[in-house]
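Asks: I am attaching a structure below and will ask some questions about it afterwards.
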Amino acid sequence: MAFKVLDKGIEIQLQSGKLMSGDGEDGGDWIEDPELGSVRAYFNFYWLRDNCPTSFDKSTRERSFDIFQLSQAPVPEDVTISDDYLTIKWLNEDHTSQYSFQMLRDYSAPKKRHDPVDELKPKLWLSDNFMNIKRYSLDELTKDNVELLEFVRAIFVDGAVIVNGMLENDLDNLVELLGHKTPCIFGTTFDVNLKQDPSNTAYTSGALELHTDMPAMENPPDVQFLHFMKNSTTGGTSLMADGISVAKQFQQQDPHGFKMLSETEIPYFCDHDDFDIRSKHTVIKLDSQGEVKGLSVSQHMLDKLDIDQKVLDLYYPALCRFGVMLRDEKFLMRYKMAAGECMVFDNHRMVHGRDAYVGESGERHLRGTYISYCELKSKYRSLNASILNSKCS
Ligand SMILES: [Fe+2]
């Protein structure tokens with residue numbers, strides 16, 4: 001006997017590679033030995049009814065079954081079990097469900113569904129990283145899904161990658177390989193060059209301090225693309241540091257400062273003639289496990305701090321100590337991008353900026369856009385699945 005029908009669910013014995021078959025109920029010898037792959041698993045009847053394989057539309061792949069329309073709680077009229085399947089005929093319904101061993105095994109204990117994205121852990125880096133940044137050609141990314149998968153993986157793991165071989169209007173072509181652009185107040189794409197009446201420090205020839213983009217937004221953009229279309233001016237050296245590397249060292253050296261910067265939300269703003277964006281963020285952002293996941297830092301978008309001035313006695317010195325550490329030569333990567341290259345980087349992780357440049361000394365024109373983690377993760381999962389499937393077939 002391999003199952004036991006209870007009031008609200010069923011207990012089933014799962015063995016390694018199969019269900020424990022039997023055509024009766026209760027009273028048998030239950031063998032529970034996880035080391036041998038034999039476990040007793042409980043499944044709720046609502047869960048079973050709602051997740052009958054027929055509940056999902058073959059075309060949309062979404063659930064089309066409506067459990068809210070059941071007139072009473074789902075209860076089996078008959079249960080049978082084989083090595084491979086659990087079969088339930090439901091009481092008061094003209095419906096029979098069949099569940100595979102694999103599905104039952106996958107859900108026999110509460111755990112998050114397997115997600116290949118969870119395996120992408122940040123690999124931290126220091127100032128000497130520029131030559132190690134992975135390079136991809138747009139042409140190869142367009143033709144080769146394995147290359148595209150590696151490219152997306154590198155964005156999550158390394159935090160910054162370079163795409164070369166980009167012609168003037170290729171930014172759209174690159175983003176379209178991955179998903180859709182995330183808009184901000186400056187549009188779905190933005191051009192970084194000298195502008196009359198600039199609405200952002202980036203649109204001047206002045207130095208741009210290390211920052212993450214748009215912390216004034218409630219959800220700052222996730223991944224940034226900066227396509228260097230022209231870059232021939234004197235000066236304008238690009239700057240970048242791995243914010244997670246810096247924050248982790250800050251945590252070790254200055255735990256009190258780290259606590260303030262990771263717990264105290266401060267205001268950011270982006271305010272001009274026809275927009276007024278405001279939001280609050282902590283400078284150091286932690287995940288649910290308390291691990292550093294990124295930063296929100298921008299002096300040019302930092303609003304006047306509206307927190308208790310007595311708190312600022314401690315907060316401001318901590319913020320300055322962190323700002324100084326961001327610029328430490330140990331972390332700060334300096335580089336000059338060639339025209340036709342695009343830096344793609346995690347906007348929550350990579351603080352970036354530039355030295356001032358001489359406007360009339362040449363041409364400097366960058367085109368930028370953003371994409372969400374959600375789009376990139378979706379692309380990573382679907383590419384990963386299709387490549388795995390093609391290997392299996
Ligand atoms: Fe920026």
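Asks: What do you reckon, is ASN129 out of contact with any Cys (no Cβ under 7 Å at 6 or more places or on another chain), loosely packed, with under 15 Cβ neighbours inside 10 Å and assigned to a helix (DSSP H, G or I)?
Replies: In short, no.
Asks: Further question on the same structure: Does any residue of the stretch 80-90 turn out to be more than 24 Å from LYS379 (Cβ to Cβ), at pLDDT 90 or above and in contact with a helix residue (DSSP H, G or I) (Cβ under 6 Å, 6 or more places away or on another chain)?
Replies: No, the stretch 80-90 contains no residue that is more than 24 Å from LYS379 (Cβ to Cβ), at pLDDT 90 or above and in contact with a helix residue (DSSP H, G or I) (Cβ under 6 Å, 6 or more places away or on another chain).
Asks: Within the stretch 336-356, how many residues turn out to be over 30 Å from HIS114 (Cβ atoms), within 15 Å of the ligand (Cβ to nearest atom) and of a type outside the set (A, V, I, L, M)?
Replies: So the answer is 5.
Asks: Can you tell me how many residues in the stretch 357-387 are away from the ligand (no atom under 16 Å from the Cβ) and either in a helix (DSSP H, G or I) or not aliphatic (A, V, I, L, M) (or both)?
Replies: 21
Asks: Separate question: Given the conditions (1) out of contact with any Cys (no Cβ under 9 Å at 6 or more places or on another chain); (2) assigned by TED's automatic domain parsing to the domain that holds GLN249, report the number of the one that ASN92 does not fulfil.
Replies: In the conditions (1) out of contact with any Cys (no Cβ under 9 Å at 6 or more places or on another chain); (2) assigned by TED's automatic domain parsing to the domain that holds GLN249, ASN92 misses (2) alone.
Asks: Filtering the stretch 187-208 down to residues that are within 25 Å of THR282 (Cα to Cα) and more than 10 Å from the ligand (Cβ to nearest atom), which residue is modelled with the lowest pLDDT?
Replies: Top of the filtered list is SER199.
Asks: Pairs only if they're at least six apart or on different chains, beta carbon under 9 angstrom, first in the stretch 320-340 and farther than 19 Å from ILE133 by Cα, second among the hydroxyl-bearing types (Ser, Thr, Tyr) and surrounded by 15 or more Cβ atoms within 10 Å (Cβ to Cβ); list them, first residue then second.
Replies: ASP328/SER127
Asks: Of the conditions (1) within 13 Å of the ligand (Cβ to nearest atom); (2) in contact (Cβ under 8 Å) with a residue 60 or more places away in the chain, ASN164 clears all except one; give me its number.
Replies: (1) is the only condition that ASN164 fails.
Asks: Still on this structure: Evaluate the following for SER238: is it hydroxyl-bearing (Ser, Thr, Tyr) and either within 22 Å of SER127 (Cα to Cα) or not assigned by TED's automatic domain parsing to the domain that holds ASP346 (or both)?
Replies: Yes: the conditions hold for SER238.
Asks: If I filter the stretch 278-288 for residues that are touching a residue at least 60 places away in the same chain (Cβ under 8 Å) and within 20 Å of ILE244 (Cα to Cα), do I get at least one hit?
Replies: Yes: one or more hits.
Asks: Answer yes or no: is there a residue in the stretch 193-205 that is exposed (fewer than 15 other Cβ atoms within 10 Å of the Cβ) and touching a residue at least 60 places away in the same chain (Cβ under 8 Å).
Replies: no
Asks: From the list ASP222, ASP242, which one is among the acidic types (Asp, Glu), in contact (Cβ under 8 Å) with a residue 60 or more places away in the chain and buried (at least 22 other Cβ atoms within 10 Å of the Cβ)?
Replies: Of ASP222, ASP242, the one residue that is among the acidic types (Asp, Glu), in contact (Cβ under 8 Å) with a residue 60 or more places away in the chain and buried (at least 22 other Cβ atoms within 10 Å of the Cβ) is ASP242.
Asks: Under the condition of being within 20 Å of the chain's Cα centre (by Cα) and charged (D, E, K, R), which residue from the stretch 209-223 is farthest from the ligand (Cβ to nearest atom)?
Replies: Of everything passing the filter in the stretch 209-223, GLU218 is farthest from the ligand (Cβ to nearest atom).
Asks: What strands (runs of 3 or more DSSP E), lying completely within the stretch 255-338, carry at least 1 residues that are more than 30 Å from THR234 (Cα to Cα)?
Replies: Answer list for the stretch 255-338: 266-272, 275-281, 284-286, 292-295.
Asks: When you check VAL292 against the structure, is it crowded, with 20+ Cβ neighbours inside 10 Å, within 27 Å of the chain's Cα centre (by Cα) and more than 13 Å from the ligand (Cβ to nearest atom), yes or no?
Replies: Judged against the criteria, VAL292 is a match.
The values are calculated or read from the model by the stated rules, or taken from the named source; none is laboratory data. Quick caveat: nothing in here was measured; it's all calculated off a predicted structure. For neighbour counting, all protein chains shown are included, and Cβ atoms are generated from backbone atoms with ideal geometry for every residue, glycine included.
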